[in-house]
1. If Gly3 passes every condition in (1) at pLDDT below 85; (2) of a type outside the set (D, E, K, R); (3) in a helix (DSSP H, G or I) but one, which one does it miss?
Amino acid sequence: MAGRKSPKRTKEQVELAQKARKTPSVAEEIIWSIVRNRKLGFKFKREYPIGRYRIDFYCDEAKLGLEMDGEQHDPVQDKVRDANLASLGIYIFRIPNVEFFQIDPLAPYRDHIEELVKLCELRSGRPRF
C-alpha cells in the first residue's frame, strides 16, 4: 500500500520501544503469541516507533497498526493520534484490553483477529497465505 514515508526514529524512541517490549501487558503477550512469526500471514513488529508515537503492533506491508486499548487510553487523544498516523497512510485498529480477561480467553477477541486479517489482506492487496 502506497503512503508517505514514515518519519525517522530517534535513538530515544528506539530505546523506549525496546524497554516497552520487555514489559508487555497480558493482552499484548496474548496478541503477540497470535501475530508473531507471520502466523497470520503478515509480519508484525512490536512497540514500533513512528514519529512521536509508538504503535503496539505494526504491519508495514499493510500500513496497519494494532493498538491494545487499556483504561489509560484517552479517546480524544487517540483520535488526534490516529489522524496524525492516517496522514502517513497508517490505519489504526483497536482492540479493548478488557476482552482478554473473560472466562473463555479466546472467544471475546476471535472476531477481532479475523477482522485484523481481513484488514491486512485489503490494505496489502494480497491474501494472507
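The values are calculated or read from the model by the stated rules, or taken from the named source; none is laboratory data. A quick note: this is a predicted structure, and the numbers were derived from the prediction, not measured. All Cβ positions, glycine included, derive from the backbone under ideal geometry; neighbour counts span all protein chains shown.
1. Of everything listed in (1) at pLDDT below 85; (2) of a type outside the set (D, E, K, R); (3) in a helix (DSSP H, G or I), Gly3 misses just condition (3).
Residue-wise test of (1) within 14 Å of Cys120 (Cα to Cα); (2) under 15 Å from the mean Cα position of the chain (by Cα); (3) in contact (Cβ under 8 Å) with a residue 40 or more places away in the chain.
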| residue | (1), (2), (3) |
| --- | --- |
| Ile30 | no, yes, yes |
| Ser33 | no, yes, no |
| Glu61 | yes, yes, yes |
| Glu71 | no, no, no |
| Asp74 | no, no, no |
| Gln77 | no, no, no |
| Arg81 | no, yes, no |
